[in-house]
Amino acid sequence: MNPAISTGLTGTYQVAQALASKEPAPSTNSEPQGLKALSDPKIFALDAHDIDRRNSVMETCRSLTNHSDAPHRICEINIVKAHDNLSLEFSDDPSTKPIATLTDIQADFKNDAHAKAQIVDLAENVLQQSGQLQYLNDNIDSFTKEGFHPVITIDYYGDRKTDVNTIGFHRDSTDSTLFVDLIYNTNHPIDGPEYLKSGTLDQDYFKEFVQPNMPTTALEHINAESIEHDGANQKIKLCRIPADGVVGFTDALVFHSTPQEASRAVLKEDLFGHLNNDSGNNSDINEYAFKHAYRLENPGSIKGEELENLEEYVENISPWNKRNFDEISETFRPIAKLILNSRDGDKIYKIDVQEAMIEHGFGVEAAQDYADTLYHRTLRQNPLDEVALINCGNTCHSRLTSTSFPLPGKMEREKSLERTGAQGRNQAPLNNGAQPREFLRLWVQFKKSDPT
C-alpha cells in the first residue's frame with residue numbers, strides 16, 4: 001500500500017490516541033445519537049414551499065451579485081436551544097469570516113427582511129430533512145458544555161463550472177465544518193458530487209487543526225464512522241440530484257468532487273495520436289522524439305514517408321538538441337511500450353503511465369510529475385486519483401498549505417459504469433449543462449464561546 005495513502009486516509013488508532021489526551025465531554029441525561037445514520041450523503045427534493053423559498057433567496061442573490069457566477073457569502077444563522085428544541089436565528093452580526101475565495105455580501109443581504117425570513121425557514125427545513133438537525137438537537141448540550149456552538153454559514157454559487165480546475169476530491173473545511181448541504185436550482189435531474197467514503201486524517205494535521213476546533217463528542221462520532229481502507233476496494237460514487245434537489249453529508253466522512261463528465265482515462269488510440277502528432281507542446285522535437293521511441297520499441301511500426309522524415313530530422317539535428325532529443329525519447333519509451341502492449345479501445349490511466357515509467361527506471365517523483373503534466377495540463381483530463389486534505393491553500397489558516405495524497409487510479413467509478421452500462425447506452429446524455437449549476441451551500445460549523 002502506498003505510504004501516503006496509509007498516512008492520509010487511514011490511521012483511526014492515531015485519532016483515538018489523540019482523543020484520549022482530551023478531556024471527555026460532560027454527560028447529559030439524554031441519549032444522544034452518533035453519526036451512523038449520517039455517514040452517507042442524504043439526497044432529497046424540496047417541497048413546493050421550500051422551492052418558493054429557494055427561488056426567492058436566489059433571486060435576491062442574483063440581484064445583489066449582479067448575476068455573477070462567482071461564490072458569495074450571503075449570511076450566517078445561529079443555532080440555539082429553546083425549550084428542549086433547536087431554533088434558527090438570523091445573525092445580523094456574523095462572527096465567522098469567509099475564506100478568501102468568497103465575496104462577502106452579508107451586509108447587503110441582511111437588509112432584505114423577506115430574504116432573511118426565507119433563508120432561515122429554508123435552512124431549518126433542509127437540516128430537518130437531512131437528519132442533521134436531530135443530531136444537533138441530540139448533542140447540543142454536550143457541545144455547548146465544551147464551549148462550542150453550532151452555526152450555519154451560507155454561500156451562493158451562481159454557476160459552479162465542471163472543468164478540470166474545479167474537479168478533484170477534497171473536504172470543504174480544514175477544521176470546524178461538520179455538515180455540508182447543497183441546495184440546487186434545477187428543474188431536471190443532474191449529477192451532484194462524486195464522492196469517496198474517507199478514513200481519518202493524519203495525526204499531526206488532526207491534532208493541530210481539527211481537534212482544537214471541534215467538540216470531543218463530534219470528534220468521537222466522526223472517529224466511530226471513519227473507515228480503515230487502502231482504497232483498493234473503494235468505489236467512486238455519484239450523487240444523483242433530482243429536480244429541485246438537495247444533498248447533505250458529513251464533511252469529515254467523505255471526500256467529494258464536482259462531477260467530471262469526461263473519463264479519468266484516455267483511449268489508447270487518442271494517447272498515441274496526441275503524442276505522435278504534437279506531444280502537447282507544439283514542438284517538433286517532442287513529436288519526433290516520440291516517433292523515435294515508438295520505433296525503438298517496435299522497429300517496423302514507422303514506414304514510408306513518416307520514416308524518411310524521422311531519419312532526416314535525426315540526421316540534421318544539432319549536437320545540443322540531440323542530447324535533449326535523446327532524453328525526451330527515453331522518457332517516451334515506456335509510454336510507447338505501454339501503448340504497443342495495449343489492445344484497441346483500451347483505456348490508459350495516469351497511474352498506468354506512472355507505473356510504466358517507474359518500471360523503466362525513472363524515479364517515483366519524476367514519473368508522477370510527468371504523468372501529472374501529461375494528464376492535467378496537456379490532455380486536460382482530471383484522473384480523480386488524489387484527495388486534498390486541505391483544498392483552500394492558505395486562505396483557511398495562515399500556517400496551512402495545500403496537501404494532497406494519491407489514490408489508486410483505477411477504482412471503480414459509478415459515473416463511468418452508468419455511462420457505459422446498458423441503462424446508460426439506452427438513454428440520452430444527461431443535460432447537466434443546460435442551465436447553470438446554481439446552488440446554495442450550507443456549512444454547519446462550530447464556533448467557540450467568547451472567552452470574555
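Computed from the coordinates by the stated procedures, all read-outs in this text should not be read as laboratory data. None of these values were measured; they are calculated from a predicted model. Positions of Cβ are generated from backbone atoms using ideal geometry, with glycine treated the same way; all protein chains shown enter the neighbour counts.
Just a few scattered comments:
- Residue exposure sequence - ARG343, ARG160, ARG377 - by fewest surrounding Cβ within 10 Å: ARG343, ARG377, ARG160
- A Förster radius of 56 Å combined with the Cβ-Cβ distance from ASP369 to ASP108 puts the calculated FRET efficiency at roughly 0.80.
- Model label points for LYS410 and ALA224, set 7 angstrom from Cα along the Cα-to-Cβ axis, are 3.8 nm apart.
- Long-range amide H partners of ARG437 with built H, under 5 Å: ARG160
- With the simple spin-label model, which puts each label point 7 Å out from Cα in the Cβ direction, the ASN55 to ALA100 separation comes to 4.0 nm.
- One decimal place: the segment VAL314-ASN66 gains 83.5 nm when fully extended, by the rule 0.36 nm per residue minus the C-alpha distance.
- Close amide H contacts of ILE190 (hydrogens built in the peptide plane, cut-off under 5 Å, sequence separation of 5 or more or a different chain): ILE241.
- Proximal charge balance of SER87 [Cβ under 13 Å; K/R count +1, D/E count -1]: -3
- Sequence-ordered 3J(HN,Hα) estimates for the range 145-157 from the Karplus curve with 6.51, -1.76 and 1.60 and θ = phi - 60° stand at 5, 8, x, 10, 10, x, 9, 9, 10, 10, 10, 10, 10 Hz, glycine and proline given as x.
- Amide H within-cut-off set for LYS447, under 5 Å, with H built and near neighbours excluded: HIS149, VAL151
- Likely footprinting exposure, HIS149, HIS292, fewest C-beta neighbours within 10 Å first: HIS149, HIS292
- Backbone HN-Hα couplings from phi across the range 127-136 [Karplus 6.51/-1.76/1.60, Hz, Gly and Pro as x]: 5, 5, 5, 6, x, 6, 5, 4, 4, 5
- Between THR166 and LYS347, the simple label model (points 7 Å from Cα in the Cβ direction) yields a spacing of 2.2 nm.
- Estimated FRET transfer efficiency when R0 is 22 angstrom, pair HIS360-LYS322 (beta carbons, to 0.05): 0.55
- Charge context of GLY345, other residues only, Cβ under 10 angstrom, K/R +1, D/E -1: 0
- Here the Karplus curve 6.51 cos²θ - 1.76 cosθ + 1.60, taken at θ = phi - 60°, turns the phi angles of the range 286-300 into couplings of 5, 4, 6, 5, 5, 4, 5, 5, 5, 5, 5, 7, 8, x, x Hz, with x standing for Gly and Pro.
- Members of LYS110/LYS447; LYS161/LYS347; LYS110/LYS237 lying beyond 32 Å, as alpha-carbon distances in this model show: LYS110/LYS237
- Dipole magnitude of the range 266-378 about its Cα centre (Cβ charges: Lys, Arg +1; Asp, Glu -1), debye to nearest 20: 220 debye
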